[in-house]
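S.K.: Have a look at the structure that comes next, please.
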Amino acid sequence: MTFGFLTLQVNDIQAMAAWYRDVLGLEQNHDSEQFMGFVTPKGFFFNMIKREAGTDYPEISPALHLGFDVATFEAVDVEYARLIQNGAKSYKPPQDHGFYKDALVTDPEGNVIYIHAMK
């Protein structure tokens, strides 16, 4: 098995699709009332589905940790600030751990977005 896609359950699919497309720059390749599809430059598929579309599993936390790599330590700071300016909430400000730097924000519905760079 290989990891082929990730699906995020959201309440407001139109608003969240716009945020991931317009703020994070993901390329949208599918648009419907209950499902949005995106593809990254590396060919990874990221999907979004409305919570009430029958895939909400109440016994499992809907929280999701999305990781985004950036090229430099400075880019962690830049992307962190850009996301905050565009509706994300700070979860953990940028921290330099020596061989890597990271920061965490939450999207408008509270899902964690991890920004990461390696030395």
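The values are calculated or read from the model by the stated rules, or taken from the named source; none is laboratory data. Worth saying up front: this structure is predicted, and the values here are computed from it rather than measured. When we count neighbours, we look across all protein chains shown, and the Cβ atoms used for this are built from the backbone with ideal geometry, even at glycine. Surface accessibility is based on the protein's heavy atoms, side chains included, excluding ligands, DNA and RNA. Shrake-Rupley method; radii C 1.70, N 1.55, O 1.52, S 1.80 Å.
S.K.: Among the residues of segment 93-116, which ones are touching an Asp or Glu at 6+ places or on another chain (Cβ under 8 Å), assigned to a strand (DSSP E or B), of a type outside the set (S, T, Y) and closer than 19 Å to V23 by Cβ?
M.R.: P94, A103, I113, I115, H116
S.K.: List every residue pair whose Cβ atoms lie under 7 Å apart, where the two residues are 6 or more positions apart in sequence or sit on different chains, the first residue falls within segment 28-48 and is closer than 10 Å to Q14 by Cα and free of Cβ contacts under 8 Å to residues at least 40 places away in the same chain, and the second residue, located anywhere, is assigned to a strand (DSSP E or B) and among the charged types (D, E, K, R).
M.R.: Q34/K50
S.K.: Then there's this: Among the residues of segment 61-115, which ones are within 19 Å of G25 (Cβ to Cβ), of a type outside the set (A, V, I, L, M, F, W, C) and either modelled with pLDDT of 90 or more or open to solvent by 70 Å² or more (accessible area, probe 1.4 Å) (or both)?
M.R.: D69, T72, E74, D77, E79, Y80, R82, Q85, N86, G87, P108
S.K.: Got at least one residue in segment 93-114 being in contact (Cβ under 8 Å) with a residue 60 or more places away in the chain and over 20 Å from Q9 (Cα atoms)?
M.R.: no
S.K.: Related question: Restricting to segment 1-56, name every residue that is out of contact with any strand residue (DSSP E or B) (no Cβ under 9 Å at 6 or more places or on another chain) and at pLDDT below 80.
M.R.: At the first step, the residues of segment 1-56 found to be out of contact with any strand residue (DSSP E or B) (no Cβ under 9 Å at 6 or more places or on another chain) are 1-3, 15, 18-19, 22-23, 25, 32, 42-43, 52, 54.
Residues satisfying the conditions are M1, T2, F3, E52, G54.
S.K.: For segment 60-81, give me each residue that is free of Cβ contacts under 8 Å to residues at least 24 places away in the same chain, under 22 Å from M16 (Cβ atoms) and not aliphatic (A, V, I, L, M). Steps first, answer last, please.
M.R.: Keep residues of segment 60-81 that are free of Cβ contacts under 8 Å to residues at least 24 places away in the same chain, which gives 60-61, 74, 78, 81.
Now restrict to residues that are under 22 Å from M16 (Cβ atoms): 60-61, 81.
Scanning segment 60-81 gives a single hit, S61.
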